[in-house]
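Taking it in order: structure first as structure tokens, then the write-up.
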Amino acid sequence: MSSPPKILVFDSGLGGLTVLREIVRTRPDAHYVYVADDAFFPYGHHGEDQIIARVVPLVGELLARHVPALVVIACNTASTLVMSHLRNAYSVPFVGTVPAIKPACASSKTKRVSVLGTKGTVKREYTRRLINDFAQGCEVTLVGSAELASLAEAALSGNDVRDEDIAAELVPCFVGSGEDRTDTVVLACTHYPLLLDRMTKLAPWPVDWIDPAPAIARRVSELLASPGRESNEAGAEIIFTSKRPHALSRALMPFFGGRVPA
Ligand code: DGL
């Protein structure tokens with residue numbers, strides 16, 4: 001039997017697990033290496049040059065150590081900046097995560113869409129270009145959140161996170177009234193789906209939340225060779241760049257399709 005393909009999934013922290021979860025569902029046969037660059041978290045608080053200078057050599061080291069068949073940058077704050085640098089520097093296939101503005105604008109009925117991301121992501125030239133190219137007549141509101149990624153990390157790590165703190169970050173997404181109010185919110189940071197149940201409860205009115213993870217998983221599957229007939233589930237590892245111990249392993253199992261990450 002041929003050895004399972006190795007997929008490296010990279011984020012600033014635990015948010016990329018929401019992308020990993022979908023990829024694992026699509027490709028349970030692969031071996032996963034999840035890397036959280038928590039020593040540099042949150043990326044949303046760093047400047048563009050700092051992020052490029054951090055991520056490009058770090059990914060190079062990870063490629064040399066793990067030799068994956070494919071790398072997923074499961075972070076909007078990084079992907080909106082570094083994808084061309086990574087593709088120029090390394091020959092492995094890369095899949096990025098960028099704000100799902102095109103499908104959100106295509107499906108909005110009221111033509112009012114909000115993009116909720118880190119302060120870095122909403123400032124990016126890349127994000128502005130997506131709006132120019134794909135708004136399709138929608139009014140797009142960019143909402144940069146300073147705290148939501150950290151709140152999501154805290155919640156997943158078992159700490160109390162207050163409803164008012166989540167609600168305060170969400171409120172600017174809800175614009176207009178009646179027939180002209182926001183009906184679609186793009187989750188433009190991979191951490192936010194970790195809080196989706198609470199965000200849905202705290203939202204001033206119901207909206208469609210657009211999470212790009214299933215589309216990313218489909219793209220990964222297209223790029224990998226099809227699984228062999230005898231393929232089984234392969235292993236999984238999690239690496240924190242801060243070198244903190246894996247105290248969270250059991251809580252993280254559902255994201256790895258039930259495997260305990262080494
Ligand atoms: N998960 C990351 C994203 O998708 C960023 C969170 C952060 O490090 O600020 O944008």
Table column - 3J(HN,Hα) (Hz), segment 210-227, Karplus curve with 6.51, -1.76, 1.60, x for Gly and Pro: 9, 10, x, 4, x, 5, 5, 4, 5, 4, 4, 5, 4, 7, 8, 4, 4, x
Placed amide H near T141: partners under 5 Å, 5+ positions off or other chain: V113, S114, V115
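Share of the chain's accessible area from carbon and sulfur, percent, 1.4 Å?
51
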Selection from T26, I239, A167, by position along the positive dipole direction of the chain (Cβ): T26
Neighbour-limited loop hits for trypsin sites (Lys or Arg not before Pro), segment 73-131 (at most 11 other Cβ within 10 Å; DSSP other than H, G, I, E, B): K109
Cα shape, segment 1-64, gyration tensor, a/c 1.5 rule: oblate
Cα shape, the chain, gyration tensor, a/c 1.5 rule: prolate
Interchain or long-range residues, amide H under 5 Å from R181's placed H: none
Cys residues of the chain counted as unpaired, since no other Cys beta-carbon is under 4.7 Å: C75, C173, C189
Per residue accessible area in Å² of the chain, where ligands, DNA and RNA are left out and the probe is 1.4 Å: 45
Net length gained if the chain between D165 and M253 were fully extended (0.36 nm per residue, minus Cα distance): 29.0 nm
Cross-link pairs K6/K123; K102/K243; K111/K201; K6/K109; K6/K201 - those with Cα-Cα distance over 31 Å: K6/K123; K102/K243; K6/K109; K6/K201
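The values are calculated or read from the model by the stated rules, or taken from the named source; none is laboratory data. Computed from a prediction, not measured in an experiment: that's the story for all the values here. Cβ coordinates were reconstructed from backbone atoms using ideal geometry, including for glycine residues, and neighbour counts include every protein chain displayed. With ligands, DNA and RNA removed, areas are computed over all heavy atoms of the protein, side chains included. Shrake-Rupley method; radii C 1.70, N 1.55, O 1.52, S 1.80 Å.
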